[in-house]
Amino acid sequence: MKKADLEKLKGRKIVAGTGTTNDRFGKGASQVLDKRDQRERDRELGLVPFAVKLHEDLVRDLHAASQKRGVGLNELTAELIRKGLAAK
């Protein structure tokens, strides 16, 4: 067996062993959403992926503001974009 094959096998063992979380933080806390299911839920809510590149300091400010307000980063960003567009 080649060294690369051994490394792949090790990787599979590691990935297979990570799915053993218990429900101590609530019923169903260990459920992982499938990406396909998550995309479908987002589509139903009318959400569209929108990727941008921002400076690191601006991203830190956005994270701090979202934590301070207790809202998600998506909600805060949408609110700020709406305010900016309305100010024009």
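The values are calculated or read from the model by the stated rules, or taken from the named source; none is laboratory data. These figures come from a predicted structure and were not determined experimentally. Cβ coordinates were reconstructed from backbone atoms using ideal geometry, including for glycine residues, and neighbour counts include every protein chain displayed. Heavy atoms of the whole protein, side chains included, go into the accessibility calculation; ligands, DNA and RNA do not. Shrake-Rupley method; radii C 1.70, N 1.55, O 1.52, S 1.80 Å.
Per-structure values
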{"item": "Count - residues of region 53-73 that are within 21 Å of residue 35 (Cβ to Cβ) and exposed (fewer than 12 other Cβ atoms within 10 Å of the Cβ)", "result": "1"}
{"item": "Selection count where residues are under 18 Å from residue 47 (Cβ atoms) and open to solvent by less than 100 Å² (accessible area, probe 1.4 Å), scope region 74-88", "result": "6"}
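Residue by residue, here is whether (1) touching a Leu at 6+ places or on another chain (Cβ under 7 Å); (2) charged (D, E, K, R); (3) at pLDDT below 90 holds:
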{"position": "21", "(1), (2), (3)": "no, no, yes"}
{"position": "25", "(1), (2), (3)": "no, no, yes"}
{"position": "46", "(1), (2), (3)": "no, no, no"}
{"position": "50", "(1), (2), (3)": "no, no, yes"}
{"position": "62", "(1), (2), (3)": "yes, no, no"}
{"position": "69", "(1), (2), (3)": "yes, yes, no"}
{"position": "86", "(1), (2), (3)": "no, no, no"}
